[in-house]
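Taken together, the values in this text are just the output of simple stated rules run on the coordinates, not laboratory data. Just so it is clear, the model here is predicted, and its values are computed rather than measured. Here the Cβ positions follow ideal geometry from the backbone for every residue, glycine too, while neighbour counts run over all protein chains shown.
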Amino acid sequence: SLRHSLFRKGYQLLDPYVTVSVDQVRVGQTSTKQKTNKPTYNEEFSATVTEGQQLELSVFHDTPIGYDDFVANCTLHFQDLLPSAGPGDGFEGW
């Protein structure tokens with residue numbers, strides 16, 4: 001949120017939401033939290049993924065007009081999430 005506020009004068013609260021993508025295919029999006037720089041999301045997404053390589057979380061600021069503003073993103077590799085998993089293991093119960 002601080003990086004985003006550098007582009008505008010003064011301190012700005014965001015209307016953030018998070019998109020969830022697997023291998024650059026969007027599988028979900030959270031609800032938008034109003035006027036906060038410390039949102040809490042207790043939302044679940046379920047998607048069947050076979051041979052997925054990476055999970056990407058991207059944060060956007062919901063704007064009333066035009067395109068939403070990109071704030072930040074994070075990419076996680078599935079192999080780093082469960083380093084001891086074998087070829088038949090899955091993420092059930094995760």
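Net charge around Lys33, counting only other residues with Cβ within less than 13 Å of its Cβ (Lys, Arg = +1; Asp, Glu = -1)?
Once positives and negatives cancel, what remains is -1.
Tell me the net charge near Glu56. Cut-off is 13 Å between Cβ atoms, Glu56 excluded, with +1 for each Lys or Arg and -1 for each Asp or Glu.
0
Write out the GluC sites (Glu not before Pro) in the stretch 35-72 meeting two conditions: DSSP loop, and at most 15 other Cβ atoms within 10 Å of their Cβ.
Filter output for the stretch 35-72: Glu43, Glu44, Glu51.
Let me test this: with uniform point scatterers at the alpha carbons of the stretch 16-79, what is the Debye-based log₁₀ I(q)/I(0) at q = 0.14, 0.19, 0.27, 0.29 1/Å?
With one equal scatterer per Cα and no solvent, log10 I(q)/I(0) is -0.44, -0.76, -1.25, -1.34.
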